[in-house]
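S.K.: Could you have a look at this structure, given as structure tokens, before my questions?
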Amino acid sequence: MTSLLAVEDLGATGIREVLRLADSFVEVSERAIPRVPALRGRTVATVFFEDSTRTRLSFETAAKRLSADTMTFSVSTSSVNKGESLRDTVETVAAMGIDAMIVRHRSAGVPWQVSRWIDASIINAGDGWHEHPTQALLDCYTVRQALGRDDPFPGLRVAIVGDIKHSRVARSNVAAFSALGARVTLVAPPTLMPPSLEGWPVEVSHDLDAVLADTDVVYLLRIQAERMNEALFPSLREYSARYGMTRERAGRLCSSALIMHPGPMNRGVEIAAEVSSLPNSLITRQVTNGVAVRMAVLFRLLGAPEASEALVAHA
Amino acid sequence: MTSLLAVEDLGATGIREVLRLADSFVEVSERAIPRVPALRGRTVATVFFEDSTRTRLSFETAAKRLSADTMTFSVSTSSVNKGESLRDTVETVAAMGIDAMIVRHRSAGVPWQVSRWIDASIINAGDGWHEHPTQALLDCYTVRQALGRDDPFPGLRVAIVGDIKHSRVARSNVAAFSALGARVTLVAPPTLMPPSLEGWPVEVSHDLDAVLADTDVVYLLRIQAERMNEALFPSLREYSARYGMTRERAGRLCSSALIMHPGPMNRGVEIAAEVSSLPNSLITRQVTNGVAVRMAVLFRLLGAPEASEALVAHA
Amino acid sequence: MTSLLAVEDLGATGIREVLRLADSFVEVSERAIPRVPALRGRTVATVFFEDSTRTRLSFETAAKRLSADTMTFSVSTSSVNKGESLRDTVETVAAMGIDAMIVRHRSAGVPWQVSRWIDASIINAGDGWHEHPTQALLDCYTVRQALGRDDPFPGLRVAIVGDIKHSRVARSNVAAFSALGARVTLVAPPTLMPPSLEGWPVEVSHDLDAVLADTDVVYLLRIQAERMNEALFPSLREYSARYGMTRERAGRLCSSALIMHPGPMNRGVEIAAEVSSLPNSLITRQVTNGVAVRMAVLFRLLGAPEASEALVAHA
């Protein structure tokens, strides 16, 4: 593997390897000096054509903890918005001497294009509504950690709730959870479902209340306020009434059920503020694990085969 | 002490400790390799909801010279402007694993809110018109250094001149200088004074010329041009005529008097260009000392008790 | 030499020294850990009053590979746009303790002003239409590398094609190539030529096709779309037809001719997409060499005389 463009690049075996590798890096992250020399001398560039400070910082923190150098190329979509400019930008960054490029773009497929233009390893950090594979990996890791078993996934009932249609997080999580054997149910009003779900290994529901009692993991997606302008749902209030994880609904989950959200949250819309801080809410844990899981992905792509000892050596 | 939100968190004793600690870091800053390993493995995040590249760089330089890692989260007030989003942002940054967060926000009190949400040490880098404690500390340090005495403050006559009403620098400096025993006089037109000064340990004057001869330190505040639109004074020219530190006024100060300004200066408005480069102007020195004083604050908050030797060890 | 403001600061001897020094840093850049300790403890600040992420990253990568610390001060021209504010900004950055400042500004002459205000070494990274000396140095280096001879310049025929009038790259390259003995021809429509070429050591042509066969290096400048609004040429299409490096024109170059462009390219305007990836196109190589050449410049300005061994020591 030289790039991570989509969850299916990894397959179930690859996902499991990343999760196990991440265990080591969670341990590293808890040290007084959370740094290993594994990628010393490597350069990791973040090239984000769409703003996301939090995702960028997570990757850059991961790279630094592996002792890699980082290079940040932030571009507003306005200044680099034509195909040729995109190519020019990534070729220029690559020519300065990098080993991996983390790419985010509002158009699906851009990371694949980039991987054809340059030699560095490419990590897709979100392309349009398409994929966001490291988010799915950190979500799987967080479930596995919370449940305390090496392979809790077979038969696990995961409900992904909200704006499935516009969500790369949903697509990557469907791929990852179902590859590991979980049973995924998508829950949304018809207007927020993709036009066709043919081939998706999922069940579908339009009624969150009907699903709650039979769910082990409730994964809430962010509602973007601008969708309301597209009349995909009547109001934030009505959305919240039917699909929001209110305190009352949280109370009807089985006691071991887990609550997740990729952030940033709209507290009071898809999730009540008080639900986000319940003991079974993993939202902060997802962010923390994000760094370790991205360390695992970077190490897997860039670490020398003989580097497995370096992995946990002290920096 | 785990956070520095306001000058009064330190008290006179704490301020004096920071000033003495800063002496060590001034020495470090003058080395060929101005770096000590004191905070190796720690991560310091700057989270600025209001732009200030110079303050951010001062903190980040301080953190790097202590061998800490830095994380920069820059946000325009437009993108993260609601209470919940603020909380989401700081919780996310904290969850990635940080030890201190430097916060600037245009609303007073935000650093206190943040300190209730997250576990890291919080440093207030300016909240609205309220406080900017490290600015006051570096100002006190610079006066002490210029006067060459360990405690020059008792009875020292400090005049703070300009837009007191909208100035967090004024509020923090009043607190710090008066805690150390200085006598502070505020000089401004009535429209630029706070509506009430009850409880402030200060004297008040509307006439700069009457104050000049009896002042040891003249501290000039920045006039923000947008205040003119609020009709708080008739014109920049008229402001300058009555409250600007012109060459003529500088000549009427006693020969040992010091001139200070927190920057950025409006040369020709609150201070004449030629005055800013007089030998008794400390403006550049304030910036230089800012790094050492912030090293002292970071070390005091994050340094292990047993780290006092590490303090001056070579990196 | 303490600053690099213009190519003529170096003269032919200085240019040759930089090119030879860059050979060492090209070697360093190809190592598994591309880093030397030569500038450990030094701080290099980039202060760009005009956006250019790629140039800034090239300088910062160069500084990091020399083990220097970097400080980034990005300013939109709107926020710091008056002479006094410019001075305040650079004096503030300098006062934090830096050794070199890389300055870009849309007005010619600003780096000279800055060098009078502060003590650090100044590198001009582009001032208006005036100079961009490190671009010229990396271009000369790339030609020398491609031709595989230590001094291929005497008599070398270099054609610089495009918007000469508004190009600092053209001015610096004219100075550098002609100082080394090359014969430079400027090729452009009259509207894109400077009003006077008196004293320029160049020949002039308005006909690219007449020049092609007698050229060893074709250097294409970027056409900025906003020039069209100034009616300096009728349309991008017409410009391309008369001055663009099309595949057909590339075929009429002599077989050893080299094609260069400072980036970012407008593929399809001044250069056809397919031409940019021909084997004799050096565009990617220019970017790669840019890092090594800037390492050479930084080392020459900041390296201790006794540091020549440190130059290639492993970090």
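Where a number appears in this text, it was derived from the coordinates with a stated rule and is not lab data. Because the structure is predicted, anything quoted here is derived from the model rather than measured. Positions of Cβ are generated from backbone atoms using ideal geometry, with glycine treated the same way; all protein chains shown enter the neighbour counts.
S.K.: In terms of the Cα gyration tensor, with a ≥ b ≥ c the square roots of its eigenvalues, is region A:108-221 rounded because a/c is under 1.5, prolate because a/b exceeds b/c, or oblate? Mind dumping the intermediate values first?
M.R.: On the way: a/c = 2.52, a/b = 1.36, b/c = 1.85.
It is oblate, given that a/c is not under 1.5 and a/b is not larger than b/c.
S.K.: List the residues whose amide H sits under 5 Å from the amide H of residue C:4, counting only those 5 or more places along or on another chain, with H placed 1.01 Å from N in the peptide plane.
M.R.: Under 5 Å from the amide H of residue C:4: C:122, C:123, C:124.
S.K.: Step through the residues of region B:218-225 one at a time and calculate ³J(HN,Hα) from phi using the Karplus curve (6.51 cos²θ - 1.76 cosθ + 1.60, θ = phi - 60°), rounding each to whole Hz and writing x for Gly and Pro.
M.R.: Once θ is set to phi - 60°, the couplings for region B:218-225 become 9, 10, 9, 8, 6, 8, 8, 3 Hz.
S.K.: OK, next. For region A:90-96, in order, what is each residue's ³J(HN,Hα) by Karplus, 6.51 cos²θ - 1.76 cosθ + 1.60 with θ = phi - 60°, in whole Hz (x at glycine and Pro)?
M.R.: So the J values, rounded to whole Hz, are 6, 5, 5, 4, 4, 5, 6.
S.K.: Using a simple spin-label model with points 7 Å from Cα along the Cα→Cβ vector, what separation in nm is obtained for residue A:284 and residue C:31?
M.R.: Those two pseudo-labels are separated by 4.3 nm.
S.K.: Where in region B:1-34 does the label zone of residue B:52 land, with the point 7 angstrom along Cα→C-beta and an amide N cut-off under 16 Å?
M.R.: Flagged as within label range: B:4-8.
S.K.: Can you list residues from other chains, or at least 5 along the same chain, whose modelled amide H is less than 5 Å from the amide H of residue B:281?
M.R.: B:259
S.K.: Compute for region B:102-166: radius of gyration divided by Kirkwood radius, i.e. Rg/Rh, restricted to C-alpha atoms, rounded to two decimals. Each step should come with its number before you reach the end.
M.R.: Working: Rg = 15.1 Å, Rh = 13.9 Å.
Computed over Cα atoms, the ratio is 1.09.
S.K.: Show which aspartates and glutamates lie in cross-link reach of residue B:64 when reach means a straight Cα distance below 20 angstrom and same-chain residues fewer than eight apart are skipped.
M.R.: Output for residue B:64: A:60, A:69, B:23, B:27, B:30, B:99, B:309, C:60, C:69, C:99.
S.K.: Now a separate question. Tell me the label-point distance for the pair residue B:241, residue A:150, using the 7 Å Cα-to-Cβ offset, in nm and rounded to one decimal.
M.R.: The answer from the label model is 8.5 nm.
S.K.: Also, quick follow-up: Evaluate the charge dipole of region C:133-286 about its Cα centre and quote only its size in Debye, nearest 20, assuming +1 on the Cβ of each Lys and Arg and -1 on the Cβ of each Asp and Glu. Could you put the intermediate results ahead of the total?
M.R.: Values: 16 positive and 16 negative charges, 54 e Å.
Magnitude of the dipole: close to 260 debye.
S.K.: Another question, if that's okay. Is there a quick way to get the dipole size of chain B? I mean about its Cα centre, with the Cβ of Lys and Arg at +1 and of Asp and Glu at -1; what is the value in debye to the nearest 20?
M.R.: Working: 33 positive and 35 negative charges, 106 e Å.
Magnitude of the dipole: close to 500 debye.
S.K.: Right, here's the next one. Residue by residue through region C:197-211, which ³J(HN,Hα) values in whole Hz follow from phi under the Karplus form 6.51 cos²θ - 1.76 cosθ + 1.60 (θ = phi - 60°), with glycine and proline marked x?
M.R.: Running phi through 6.51 cos²θ - 1.76 cosθ + 1.60 with θ = phi - 60° gives 10, 4, x, 6, x, 9, 9, 10, 9, 9, 10, 4, 4, 6, 9 Hz.
S.K.: Follow-up. Kindly provide the helix-only [θ] at 222 nm of chain B, computed as the sum of -39,500 (n - 2.57) over DSSP H runs of four or more divided by all residues, to the nearest 500 deg cm²/dmol?
M.R.: Values: 12 runs with 126 residues, N = 315.
So the calculated ellipticity at 222 nm is -12000 deg cm²/dmol.
S.K.: First check a/c for the protein assembly as shown, with a ≥ b ≥ c the square roots of the eigenvalues of its C-alpha gyration tensor; if it is under 1.5, answer rounded, and if not, answer prolate when a/b is larger than b/c or oblate otherwise.
M.R.: Working: a/c = 1.63, a/b = 1.00, b/c = 1.63.
Note, shape of the protein assembly as shown comes out oblate.
S.K.: Another question about this same structure. P(r) of region A:184-269 in 10 Å steps, Cα pairs, percent per bin?
M.R.: Taking every Cα pair in region A:184-269, the percentages come to 15, 49, 32, 3.
S.K.: Chain A: Rg/Rh from Cα coordinates, Kirkwood Rh? Can you show the working numbers first?
M.R.: Details: Rg = 19.3 Å, Rh = 20.0 Å.
Radius of gyration over Kirkwood radius for chain A works out to 0.97.
S.K.: Where the only charges are on Cβ atoms (+1 Lys, Arg; -1 Asp, Glu), what is the dipole of the protein assembly as shown about its Cα centre, to the nearest 20 debye? Provide the component values of the computation, followed by the final result.
M.R.: Numbers: 99 positive and 105 negative charges, 38 e Å.
That gives a dipole near 180 debye.
S.K.: For residue C:206, which inter-copy label distances result when the label point lies 7 Å beyond Cα on the Cα-to-Cβ vector, reported in nm to one decimal and in ascending order?
M.R.: Computed spacing set for this position: 7.0, 7.1 nm.
S.K.: Return the long-range amide H neighbours of residue C:157 (sequence gap of 5 or more, or a different chain), with a cut-off of under 5 Å between placed amide H atoms.
M.R.: C:183, C:216, C:217
S.K.: Over chain A, what is the relative contact order in percent, taking alpha-carbon pairs closer than 8 angstrom and at least six residues apart?
M.R.: On the way: 598 pairs, mean separation 69.2, N = 315.
Once normalised by length, the contact order is 22 percent.
S.K.: As a test of the definition: which semi-axes, in Å, follow for region B:238-293 when you take the square root of five times each eigenvalue of its alpha carbon gyration tensor? Largest first, please. Can you show the working numbers first?
M.R.: Working: eigenvalues 84, 39, 12 Å².
Each semi-axis is √(5λ); the values are 20, 14, 8 Å.
S.K.: State whether region B:133-286 is rounded, prolate or oblate according to the following rule on the C-alpha gyration tensor (a ≥ b ≥ c being the square roots of its eigenvalues): a/c under 1.5 gives rounded; otherwise a/b larger than b/c gives prolate, and the remaining case gives oblate.
M.R.: Working: a/c = 1.60, a/b = 1.22, b/c = 1.31.
It is oblate, given that a/c is not under 1.5 and a/b is not larger than b/c.
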